[in-house]
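This report concerns only the one structure given below.
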Amino acid sequence: MTDFLDTGSVLFKKRHPQVGARPGTLMINDEAPPPCIHLIRYTADNVREQEIDDIEMLTELIGDPAMKWIDVRGFGDETLLRRIGEIFQLHALVLEDIVNLPQRPKTESYGDQVLTITRMIKLTDNNAIDMEQVSILLGKGYVVTFQEREGDIFDPVRDRIRHGKGRPIRLNGADYLAYAILDTIIDGYYPVIESLGDHLERMENIVMENPTTQTLQELNRTKNMLVNLRRIVWPHRELVSSLMRDENELIHDNVRLYLRDTYDHCLQTGEVIEMYRDMATGLMNIYLSSVANRTNDVMKVLTIMASIFIPLTFMAGIYGMNFEHMPELHVRWASPAIWFAMLTTAAGMLIFFYRKGWIGRG
């Protein structure tokens, strides 16, 4: 019955420092993979990609006129992460929001930098739903993305940079690159939501035809997934709206036009999730009604059977008494007569129930 799995937690759980810790304290999971840094440098004419093995190479890129996309994957080295913060002069709260997971999707301006925190959702090979926080740092001439681990949905953006497909992304600034990354994340919600919709349609048929306890568990799990998705998707409306309307010199007017389309996608995905959540609630109610109707049918059959045998038991009880002076006991036709009376009573009650519509015609 299960078509996909949910890897997200139903309850909100966050790694946070001890109460009273100073701002900027980083809480890194012991199982976090070591950071891998991938660099894409491009101009209108050429593209260059490389893996950064020496973190100090990033210091040489600050003054480079080429557009730069630095993709950091993994948070398993606090020293390296703090060095990245020093190179790009990140505020202590910026690094804390990036590393201490999870954060609410939001966008905040820090002088000549804009931090956008979003959530990337994708379907894995075994149809599991994978949720991951992605932080997008926009600066003058560069975009730095921070991911929890390897594996993302940004290959279409990389291909557009490599081959110049569609609108020439290499002719635009860092704000357009940040928009393209954010828009790709939002578009990645559609396949997951469509899978949930297909799953709910199949569950609807099962609920109507053969509801079981496993069906109720699956419905409850699906509803929890929709609640998680809503918690992730809805804040993106405020996030994108802020990028559109805040007066920030890093984001140009032509990019704000494209952000309108991303905002529409946020609204649409949020509305569909709400619709599916209502659908899941409705299916749970249908399940409970189906189970109640099935119980009522069973009780109706048992009640009718008991109602038929009550008068028969009454007759049998009367003539089963051991009184000496019972005239019917000494009559030859007494036994056939009592059998005829019992059968007639049972048949009469069945006809009565049938005409009432309690049996046969429903």
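For the reader, a short list of remarks on this structure follows.
- Cβ-Cβ under 6 Å pairs, at least 6 apart or on other chains, region 78-90 side under 19 Å from Asp64 (Cβ atoms) and modelled with pLDDT of 90 or more, far side in a helix (DSSP H, G or I) and open to solvent by 30 Å² or more (accessible area, probe 1.4 Å): Ile87/Thr59
- Any chance Gly74 is open to solvent by 10 Å² or more (accessible area, probe 1.4 Å) and either small (Gly, Ala, Ser) or in contact with a Leu (Cβ under 6 Å, 6 or more places away or on another chain) (or both): no
- The set of residues in region 20-42 being β-branched (Val, Ile, Thr) and either assigned to a strand (DSSP E or B) or exposed (fewer than 13 other Cβ atoms within 10 Å of the Cβ) (or both) consists of Ile37, Ile40.
- Identity of the residue in region 90-108, in contact with a strand residue (DSSP E or B) (Cβ under 8 Å, 6 or more places away or on another chain) and either in a loop (DSSP other than H, G, I, E, B) or of a type in the set (Gly, Ala, Ser) (or both), that ends up nearest to Leu138 (Cα to Cα): Leu90
- Close pairs from region 249-265: first on the phi < 0 side of the Ramachandran plot, partner part of a helix (DSSP H, G or I) and among the small types (Gly, Ala, Ser), Cβ under 8 Å, at least 6 apart: Leu250/Ala174; Tyr263/Ser241
- Residue within region 232-254 that is in contact with a Pro (Cβ under 9 Å, 6 or more places away or on another chain), at pLDDT below 90, closer than 28 Å to Met67 by Cα and not in a helix (DSSP H, G or I) present: no
- For region 131-183, a tally of residues being assigned to a helix (DSSP H, G or I), β-branched (Val, Ile, Thr) and closer than 20 Å to Gln103 by Cβ returns 1.
- Cβ-Cβ under 6 Å pairs, at least 6 apart or on other chains, region 39-52 side in contact (Cβ under 8 Å) with a residue 60 or more places away in the chain, far side in a loop (DSSP other than H, G, I, E, B) and of a type outside the set (Lys, Arg): Thr43/Ala66
The values are calculated or read from the model by the stated rules, or taken from the named source; none is laboratory data. Note that the structure is predicted; figures quoted are calculated from it, not measured. Note that we place each Cβ from the backbone using ideal geometry, even for glycine, and neighbour counts take in every protein chain shown. Areas reflect the complete protein model, heavy atoms only, side chains present, ligands, DNA and RNA absent. Shrake-Rupley method; radii C 1.70, N 1.55, O 1.52, S 1.80 Å.
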